[in-house]
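The values are calculated or read from the model by the stated rules, or taken from the named source; none is laboratory data. Being a predicted model, the structure only gives us computed values, none of them experimental. Virtual Cβ from ideal backbone geometry, glycine too; neighbours counted across all protein chains shown.
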Amino acid sequence: MSGGVRESPAPRTIFEKVWAAHVVRPETADTPAVLYVDLHLVHEVTSPQAFAELRGRGLRVRRPERTLATMDHSTPTLPRRPDGTWPFVDAQAEAQVRQMERNAADFGVELHGLGDDAQGVVHVFGPERGATQPGMTVVCGDSHTATHGAFGALAFGIGTSEVGHVLATQCLLQRRPRTLAVRVDGRLAPGVSAKDLILAIIARIGVGGGTGHVVEYLGPAVRALSMEARMTLCNMSIEGGARAGMVAPDDTTFQWLAGRPRAPKGAAWDAALDRWRSLPTDEGARYDREVSIDASALAPMVTFGTNPSQGIPVDARVPDPAAERDPQARATLEAALRYMGLAPGQPILGQRVDAVFVGSCTNGRLEDLRAAASVLRGRKVKVRTLVVPGSQAVKRAAEAEGLDRVVMESGAEWREPGCSMCIAMNGDDLRPGQYCVSTSNRNFEGRQGPGGRTLLASPLTAAAAAVAGAVADPRALLGDR
Amino acid sequence: MEPIRIIESRTVVLPRENVDTDQIIPARFLKTTEKQGLGKALFSDWRYDGEGRPRPDFVLNRPEAEGCAVLVAGDNFGCGSSREHAPWALVDHGFRAVVSTRIADIFRNNSLKNGLVPVVLEAAAYAKLAAAPGEKVRIDLGAQTIALPDGSTASFPIDAFAKYCLMNGVDELGFLLSQEEHIAAFERSRG
């Protein structure tokens with residue numbers, strides 16, 4: 001170099017790197033950025049009106065090879081009948097599934113629908129196909145698209161109009177979000193999982209605390225997590241208001257991806273690894289906000305209210321609205337306890353439950369089913385318990401390990417893959433007033449059926465509740481063995 | 001889409017925080033493959049009892065709510081899912097604007113594409129509206145202001161491009177389609 005020292009480029013976060021690599025046209029004061037989408041995942045519920053829009057305008061799907069579809073929300077979790085038909089909840093659900101089949105065929109989109117051996121909950125299915133890769137932009141008409149950020153992708157949910165935009169142009173109009181770093185130090189204790197961690201994070205930042213932000217989860221406790229656990233963590237970013245959550249890719253990520261159907265092979269794999277290793281946030285990069293949390297101090301979490309930030313350690317008491325000084329916060333808490341039928345100050349341990357659900361895009365992966373089975377093994381459930389694998393591949397892997405036997409011998413039901421009782425669209429639901437400990441992501445009023453009451457928890461805690469017939473601390477059961 | 005410039009209406013006030021999209025339209029109504037006719041499912045579990053009878057105490061069932069185009073709701077309105085059925089249901093019911101102190105990201109994006117104006121106000125301006133249900137307000141999208149019942153005016157932010165689209169009845173897909181040349185060049189540059 002002849003003159004002076006060249007300044008190194010400013011350090012960047014992983015989000016900034018992925019964003020910058022996908023800007024087709026930069027944003028201005030007048031127009032948002034045109035952002036390129038690498039992978040568009042599609043399911044039957046949020047896509048029909050978008051395909052109709054394309055038909056109406058005489059448009060085609062611009063990049064069918066970047067579009068991948070499955071079915072999960074309206075699909076039954078009971079097996080096909082002997083006559084070959086599926087037990088749909090109603091004719092409308094079946095019509096929606098048939099429309100997805102027609103749309104995929106008409107527009108040349110790869111579909112793994114009902115009866116396909118790769119079908120599954122879209123956010124379980126995408127990663128296990130190897131379709132989700134580090135550094136990609138991934139979208140889907142589904143708020144839990146944040147899940148895919150576990151691979152160091154920028155992944156977020158979009159509405160149906162935007163599904164149409166991506167189908168037609170492979171792009172979206174986006175303003176650049178702000179960044180929020182959530183640093184997790186220490187290490188999760190036995191019996192405490194990624195689900196407990198994310199519930200604790202949301203309890204800290206609030207149900208709208210991440211609005212306008214992309215979260216990056218970092219720190220030693222995050223590095224120590226498996227891919228399944230990282231997906232659980234990123235999945236619920238939206239429950240704190242953040243559209244996306246990201247974890248920088250590392251060897252854990254690469255090992256998980258290697259050999260999957262859509263993962264690069266041979267020389268392309270080596271080239272991809274080089275690119276992927278450059279993605280993690282640079283030393284000295286700045287975030288708009290930072291929060292830190294000590295994983296070592298966490299206990300299993302359970303929610304008592306009607307939004308996911310209303311969570312407490314399983315051995316704590318339900319908060320008392322009288323202790324809230326802010327009148328709006330008090331009203332919110334009072335309304336939640338009224339709906340849930342819980343008393344201020346009561347221990348959540350021992351609260352009677354009527355049903356347990358293990359599954360969903362949050363906790364329907366093999367590791368989650370193993371966790372639940374570890375508690376169910378040799379025990380009997382006291383309440384109706386549904387165990388719903390996240391995909392056909394998860395179901396096969398679980399059955400190969402005999403987890404289906406463990407589940408059924410405990411008296412729980414072993415179902416076909418789908419969203420099931422997380423969103424209760426397919427007939428898997430609660431009756432009014434029933435309590436359900438659920439490994440899903442939302443405890444909103446009526447989420448699991450009108451009048452149903454949802455307590456969010458980890459697979460271990462859910463299984464412990466199933467065998468106790470009440471909210472129970474899974475750590476006590478782990479100690480038995 | 002119809003161009004929107006001025007919205008003048010009485011308000012309906014729903015003072016709850018964190019009204020999620022499952023309340024705006026429960027998931028069992030998402031099995032449709034249409035956009036139309038979702039107004040009847042709006043706030044279904046709050047509006048109707050288990051037998052489908054209107055609950056008289058719910059604000060949308062009161063006679064004075066008839067014809068109101070502005071919904072005033074507590075902080076973090078529209079949190080939860082990405083279902084565009086939520087703004088479809090609100091618009092089908094007759095709402096043209098939602099006013100809150102914070103509106104969830106995906107819901108806000110979806111609203112902008114359906115002629116539902118998201119108006120985010122400072123707490124003090126919001127409090128004036130929340131305290132005066134049924135009063136008339138005037139939203140001027142061009143000026144980005146809302147005239148409050150006490151005679152004062154508050155301003156609200158809105159993305160310049162979204163505002164342009166709303167005021168001219170233009171949809172974003174048309175703009176994206178006009179970017180084809182840039183999109184193709186971007187794809188070529190990545191090999």
Unique residue being modelled with pLDDT of 95 or more and either buried (at least 24 other Cβ atoms within 10 Å of the Cβ) or in contact with a Lys or Arg (Cβ under 8 Å, 6 or more places away or on another chain) (or both) when the list is A:Leu273, A:Leu233: A:Leu233
For the range A:382-481, which fully contained helices (runs of 4 or more DSSP H) count at least 2 residues that are at pLDDT 95 or above and farther than 30 Å from A:Ala118 by Cβ? A:459-468, A:474-478
Scan of the range B:17-31 for residues that are facing chain A (nearest Cβ under 7 Å) and either part of a loop (DSSP other than H, G, I, E, B) or within 16 Å of the chain's Cα centre (by Cα) (or both), ordered by number: B:Glu17, B:Asn18, B:Asp20, B:Asp22, B:Gln23, B:Pro26
So B:Val120 fits all but one of (1) buried (at least 19 other Cβ atoms within 10 Å of the Cβ); (2) within 13 Å of chain A (Cβ to nearest Cβ); (3) aliphatic (A, V, I, L, M); what number is the exception? (1)
Apart from one, (1) within 21 Å of the chain's Cα centre (by Cα); (2) within 14 Å of chain B (Cβ to nearest Cβ); (3) crowded, with 24+ Cβ neighbours inside 10 Å all hold for A:Val124; the odd one out is (2)
Name the one entry in A:Ala400, A:Ala424 that is in contact (Cβ under 8 Å) with a residue 12 or more places away in the chain and not aromatic (Phe, Trp, Tyr). A:Ala424
Considering the range A:27-46 alone, what residues qualify as being under 18 Å from A:Gly113 (Cα atoms) and at the interface with chain B (Cβ under 10 Å from one of its Cβ atoms)? A:Glu44, A:Val45, A:Thr46
Among the residues of the range B:154-191 satisfying the criterion of being polar (S, T, N, Q) and assigned to a helix (DSSP H, G or I), which is surrounded by the most Cβ atoms within 10 Å (Cβ to Cβ)? B:Asn168
Name the one entry in A:Gly135, A:Gly152, A:Gly113 that is on the phi > 0 side of the Ramachandran plot and either polar (S, T, N, Q) or surrounded by fewer than 24 Cβ atoms within 10 Å (Cβ to Cβ) (or both). A:Gly135
Selected residue (only one of B:Ala160, B:Ala147, B:Ala125, B:Ala104 is facing chain A (nearest Cβ under 8 Å) and more than 14 Å from the chain's Cα centre (by Cα)): B:Ala160
So which of B:Gly80, B:Gly50 is under 30 Å from A:Met421 (Cβ atoms), modelled with pLDDT under 95 and either buried (at least 20 other Cβ atoms within 10 Å of the Cβ) or within 14 Å of another protein chain (Cβ to nearest Cβ) (or both)? B:Gly50
Answer from A:Gly130, A:Gly84 - the residue that is in contact with a helix residue (DSSP H, G or I) (Cβ under 8 Å, 6 or more places away or on another chain) and among the small types (Gly, Ala, Ser): A:Gly130
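Suppose we filter B:Val72, B:Val91 for residues that are in contact with a Ser or Thr (Cβ under 9 Å, 6 or more places away or on another chain), surrounded by fewer than 23 Cβ atoms within 10 Å (Cβ to Cβ) and more than 9 Å from chain A (Cβ to nearest Cβ); which single one remains?
Result of the check over B:Val72, B:Val91: B:Val91.
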Do we have B:Gly94 as closer than 23 Å to A:Ile238 by Cα and either modelled with pLDDT under 95 or not polar (S, T, N, Q) (or both) here? no
Would you call B:Arg96 charged (D, E, K, R), within 14 Å of chain A (Cβ to nearest Cβ) and within 25 Å of B:Asp22 (Cβ to Cβ)? no
Counting only residues that are at the interface with chain B (Cβ under 9 Å from one of its Cβ atoms), within 27 Å of the chain's Cα centre (by Cα) and not basic (Lys, Arg), how many does the range A:52-93 have? 6
Among the candidates A:Leu78, A:Leu68, which residue alone is surrounded by fewer than 22 Cβ atoms within 10 Å (Cβ to Cβ) and in contact with a Lys or Arg (Cβ under 8 Å, 6 or more places away or on another chain)? A:Leu78
Could you list, in sequence order, all residues of the range A:75-113 that are under 21 Å from A:Ala424 (Cβ atoms) and hydroxyl-bearing (Ser, Thr, Tyr)? A:Thr75, A:Thr77
Within the range A:433-441, identify whether any single residue is without any contact (Cβ under 8 Å) to a residue 40 or more places away in the chain, touching an Asp or Glu at 6+ places or on another chain (Cβ under 9 Å) and either closer than 30 Å to A:Ala91 by Cβ or not assigned by TED's automatic domain parsing to the domain that holds A:Arg129 (or both), and answer yes or no. no
Go through the range A:438-465 and count every residue that is over 12 Å from A:Ile423 (Cβ atoms), of a type outside the set (S, T, N, Q) and out of contact with any Gly (no Cβ under 8 Å at 6 or more places or on another chain). 8
